[in-house]
Amino acid sequence: MTRPDFDSNFDPHDPAFMHALCQMALDAGAVIMDHYRAGVAEETKADKSPVTQADRDAEILLEAALRKIAPEIQVIGEEACAETVPDKLDEMFFLLDPLDGTRDFVAKRDNFTVNIGLIKGQYPIAGVIYAPVHEMLYFSGTDGAYRLAIAPDGALDISQAEKLTTQKADPSGLRVIASRSHRGEQTDQMIASLNVKETIATASSYKFCLLAEGTADFYPRYGRTMEWDTAAGQAILEAAGGIVTTEDGDRFTYGKLARGLDNPSFIAAAADNCQDALK
């Protein structure tokens, strides 16, 4: 593809640029699935989180692909940050989680994802998430969010994607998402305070996709997350009409170097605002 001009008029949803982001997510997913089928050893990073060779190989692929199409844009990857967090961030930067849901991956579950988020001025402006076991791709667009089932031959045509729209919360009961691996007492207390008709336990940024496609209503998160865990999902959910906020109701932001790119607690909702979802 012809590299876009990354000036003030840059459109992150230019079809050729978005196609390139989606293709590299699929390519990373293929690398991950090779490891998934062969089996891979789990290691533990300094922060006690798990990592595998699949995480590293997928990040190497994504970083190389991004340097080809967007060398001007800073790339922040989870595995690189395990060694050192950058001391400075540009106005625009990518956040990569090459294998979000490593615990599920090692356990041979199905909801791990590849996450590519693009940040500008503290906010996500584009996102791509690929769930390789499901062969389902999600991405943000200028006029909404989209979902595309990948063809058996792996061919990618994003023009065939289905537009997603969040659903207003049903007053008779919320469909609430909780983390499968990181659900704590505070999350349980929040869920207990709501009128809940269904609790969905799943992993990774796939939670944001369920909100964006109207399968779930509400996702409170009090356990630890990092910026690369949420950036792509927030871009997709917001494009579909949902929100991601702090507990105080402020829009969720990025580039928090003082926190080491660690996120505070947040609430993601398919409704127009958190107050609607909590009614």
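The values are calculated or read from the model by the stated rules, or taken from the named source; none is laboratory data. As the structure is a prediction and not an experimental result, all values here were calculated from the model. Glycine also receives a Cβ, built like all others from the backbone with ideal geometry; neighbour counts cover every protein chain displayed.
A few points about this structure:
- Selection of segment 137-170 for residues being under 25 Å from residue 11 (Cβ atoms) and of a type in the set (A, V, I, L, M, F, W, C) yields 137, 139, 145, 148, 150, 155, 156, 158, 161, 164.
- Residue within segment 154-174 that is in contact with a His (Cβ under 8 Å, 6 or more places away or on another chain), touching a residue at least 60 places away in the same chain (Cβ under 8 Å) and part of a helix (DSSP H, G or I) present: yes
- Among residues of segment 28-39, those that are of a type in the set (A, V, I, L, M, F, W, C) and crowded, with 19+ Cβ neighbours inside 10 Å, counted: 3
- Selection count, segment 117-153, where residues are polar (S, T, N, Q), part of a loop (DSSP other than H, G, I, E, B) and either without any contact (Cβ under 8 Å) to a residue 60 or more places away in the chain or surrounded by 15 or more Cβ atoms within 10 Å (Cβ to Cβ) (or both): 0
- Considering segment 170-179, and only residues there that are under 16 Å from the mean Cα position of the chain (by Cα) and not hydroxyl-bearing (Ser, Thr, Tyr), the residue that is modelled with the lowest pLDDT turns out to be 178.
- Which listed residue is touching an Asp or Glu at 6+ places or on another chain (Cβ under 7 Å), under 30 Å from residue 257 (Cβ atoms) and of a type in the set (Gly, Ala, Ser), from 117, 141, 121: 121
- Flag for residue 42 being in contact with a helix residue (DSSP H, G or I) (Cβ under 6 Å, 6 or more places away or on another chain), farther than 22 Å from residue 158 by Cα, surrounded by 18 or more Cβ atoms within 10 Å (Cβ to Cβ) and not assigned by TED's automatic domain parsing to the domain that holds residue 255: no
- Number of residues in segment 85-116 that are outside any helix (DSSP H, G or I) and within 22 Å of residue 201 (Cα to Cα) equals 14.
- Any hit, segment 189-210, residues being free of Cβ contacts under 8 Å to residues at least 12 places away in the same chain and not in a helix (DSSP H, G or I): yes
- Exactly one residue out of 50, 86, 15 is farther than 23 Å from residue 125 by Cβ and either without any contact (Cβ under 8 Å) to a residue 60 or more places away in the chain or surrounded by fewer than 16 Cβ atoms within 10 Å (Cβ to Cβ) (or both): that is 50.
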